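As structure tokens, the structure follows; a few thoughts come after it.
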Amino acid sequence: MMKNYTGDRGFGKPSKNRGMSTSGKKMFVVSSVCFSIIVSILVAGCIGGDDSQENTTPPVQDRNPLMPAGPMPEAFLNIKGYGLNLNFSFKELANRTDLINNTFCMKNELGVWSNSTYVGVSLFNLVGNFSPPIDGGLVKFTAEDDGYSKTVAWPLLKKYKDGGNDTVIALAMNGSFITGNKGPMRLVCSSLMGAYWVGNLTRIEFIPWELKIILPSFTPVFYNISQLKQMETTTTNYTNPKNGTVTPYTGVNLTTLISAAGLTLNSSHSLTFKGMDDYEVKLNWSDIENAYLESGNSSVIAYQSNGTALTWEDKGPIMVVIPGMASQKQVKNLVSIQIEVIA
């Protein structure tokens with residue numbers, strides 16, 4: 001019975017009940033060949049297709065479920081400095097398996113507080129075990145469109161991370177890709193002020209720690225730690241006015257440093273010392289001179305304390321030490337000195 005059923009369907013050996021003429025046999029062979037050709041064409045079309053179609057339609061990458069639906073932005077991120085040279089496309093970052101989801105309570109331009117949820121990847125995960133040397137402890141984040149940039153101390157970011165506040169390269173906000181001048185990639189860290197949340201982020205660079213001296217002519221002069229150490233050294237003693245503890249600091253005499261920058265200080269000048277955390281102290285040069293006369297110790301830009309290099313955790317890598325003045329006048333993590341003429 002199975003034979004007859006198969007024969008009736010026109011496949012395999014014909015049944016005796018059906019019979020077939022010579023011309024019928026020829027037609028059957030031709031029909032079978034045509035059918036085979038048609039099936040082959042259909043199968044080939046489904047499986048392979050022509051080469052040009054395959055090249056213009058790349059396979060779809062798996063999407064991390066934390067990312068929004070829709071086409072991903074075309075953007076790239078470069079991380080470099082001290083042997084690093086990493087390049088990531090937006091898609092590569094978005095398809096990583098280590099994306100994190102953080103919600104922050106922030107104040108908008110109108111002063112209204114609201115929650116915003118960011119999805120992105122930790123900067124520390126991107127660079128792995130990399131750690132810059134002590135004189136390269138700055139990280140510069142730069143936007144592509146207008147070159148807007150902000151510089152942060154790497155040890156400070158590590159400190160924030162250890163406290164539970166990671167530095168994130170954000171790829172999405174509140175369930176959507178980030179648009180406008182804030183996206184498509186944005187630096188996000190709840191421990192940093194909003195001005196440091198660089199939008200349209202394309203470059204991250206590890207750079208040497210430099211002291212910027214801004215002269216009254218607004219001409220900037222830069223010194224890194226290696227250059228400071230090549231200058232004549234001075235050791236001064238700072239006495240803590242609260243407990244009387246005496247600490248020796250070694251560095252460059254403040255007068256010597258400003259002279260090397262091209263200016264001779266006098267009573268018409270004021271100096272503003274600024275730290276990495278934007279803390280600043282403005283003093284008249286005459287007050288600094290009076291502190292020297294009272295204490296007998298010179299003011300220095302210090303890079304050592306008790307013969308040991310200053311670290312970020314120990315107010316370094318450089319700080320200003322002004323004996324005879326209160327401890328809050330000693331600016332740690334020093335990044336700039338601006339000199340102005342008193343009006």
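The values are calculated or read from the model by the stated rules, or taken from the named source; none is laboratory data. The structure presented is a predicted model; accordingly, all values stated were derived computationally and were not measured. Please note: Cβ atoms are built from the backbone with ideal geometry, for glycine as well, and neighbour counts cover all protein chains shown.
Return yes when residue 156 is under 18 Å from residue 312 (Cβ atoms) and in contact (Cβ under 8 Å) with a residue 60 or more places away in the chain and no when it is not.
Details: under 18 Å from residue 312 (Cβ atoms): yes; in contact (Cβ under 8 Å) with a residue 60 or more places away in the chain: yes.
Here the answer is yes, as residue 156 does meet what is asked.
Going residue by residue through segment 284-296, is there one that turns out to be surrounded by fewer than 20 Cβ atoms within 10 Å (Cβ to Cβ) and in contact with a helix residue (DSSP H, G or I) (Cβ under 8 Å, 6 or more places away or on another chain)? Looking through segment 284-296, none of the residues is surrounded by fewer than 20 Cβ atoms within 10 Å (Cβ to Cβ) and in contact with a helix residue (DSSP H, G or I) (Cβ under 8 Å, 6 or more places away or on another chain). Of all the listed residues (226, 299), the sole one being touching a residue at least 60 places away in the same chain (Cβ under 8 Å) and surrounded by fewer than 12 Cβ atoms within 10 Å (Cβ to Cβ) is 226.
Residues in segment 229-241 that are surrounded by 14 or more Cβ atoms within 10 Å (Cβ to Cβ) and assigned to a helix (DSSP H, G or I): 229 alone. You will find that of 187, 192, the residue that is part of a loop (DSSP other than H, G, I, E, B), under 30 Å from residue 103 (Cβ atoms) and of a type outside the set (S, T, N, Q) is 192 and no other.
Could you check segment 69-97 and list, in sequence order, the residues that are more than 21 Å from residue 180 (Cβ to Cβ) and surrounded by 10 or more Cβ atoms within 10 Å (Cβ to Cβ)? First the steps, then the outcome.
Filtering segment 69-97 for residues more than 21 Å from residue 180 (Cβ to Cβ) gives 78-88, 92, 95-97.
Matches in segment 69-97: 78, 79, 80, 81, 82, 84, 86, 87, 88, 92, 95, 96.
Evaluation of residue 292 against the conditions (1) outside any helix (DSSP H, G or I); (2) modelled with pLDDT under 95; (3) not β-branched (Val, Ile, Thr) shows that the sole unmet condition is (1).
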